[in-house]
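The structure appears below as structure tokens.
The values are calculated or read from the model by the stated rules, or taken from the named source; none is laboratory data. In this text the structure is predicted, and so the values were computed from the model without any measurement. Protein only, heavy atoms only, side chains kept; ligands, DNA and RNA dropped before computing areas. Shrake-Rupley method; radii C 1.70, N 1.55, O 1.52, S 1.80 Å.
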Amino acid sequence: NKSTEVIIERVCITIQHHTQQHTQLTIAIDYYRRVQHSVQTPTKMVYYFKTRCGQYTIYMGKDKYENEDLIKYGHPEDCWFHVDDLSSAHVYLRLHSGQTMDDIPEDCLTDCCSLVKANSIQGCKKSEVYIVYTRWKNLKKTSTMVDGQVGFHRPENVRRCKIAK
């Protein structure tokens, strides 16, 4: 990730004028120098878990920045989970190649939904919430969206389920 910053420097040039008074004339010149430098951010590791059945891995972002990394680096096999209409962690279930959302075992679906609900500041206080989930490739991210915010390419491919305490 490269960024460019403009630095204003003041350069003083001294011209000695040899007269009887030996006066000095100092001219200040402002000029711009463009400096390219690499902006490095620390690498973060998101949370990950094995499902109770042990066949799948679940990834979770704890804040909007980790959620953003998960959006950016998701896999086509990933299934994304989020509390509907509330702020929450993003949870991704890594399916096996060739599997669809219909192939998600019921206990894995419950694990992901419970994890999302438990990691929602408002959702964890409610007796029940709705969870939306879809394939990672259905997530739509535009430059006008804030960190962690997503839309959908095909809203009809988003599923919704209810999870209680």
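For the stretch 54-95, what does the accessible surface come to per residue with a 1.4 Å probe? Please give it in Å².
Values: 1730 Å² over 42 residues.
It amounts to 41 Å² per residue over the stretch 54-95.
Can you pick out the pairs among LYS117/LYS140; LYS72/LYS125; LYS50/LYS141; LYS125/LYS162; LYS72/LYS165; LYS50/LYS126 whose Cα atoms lie more than 24 Å from each other? Display every interim value, and only then the final one.
Details: LYS117/LYS140 22 Å; LYS72/LYS125 29 Å; LYS50/LYS141 27 Å; LYS125/LYS162 15 Å; LYS72/LYS165 31 Å; LYS50/LYS126 26 Å.
Long pairs (Cα-Cα over 24 Å): LYS72/LYS125; LYS50/LYS141; LYS72/LYS165; LYS50/LYS126.
Computed in the context of the full set of protein chains, the accessible area of the stretch 41-126 at 1.4 Å probe radius has 52% of its extent on carbon or sulfur. Distance from the C-alpha centroid of the stretch 145-165 to that of the stretch 63-140: 8 Å, rounded to the whole angstrom.
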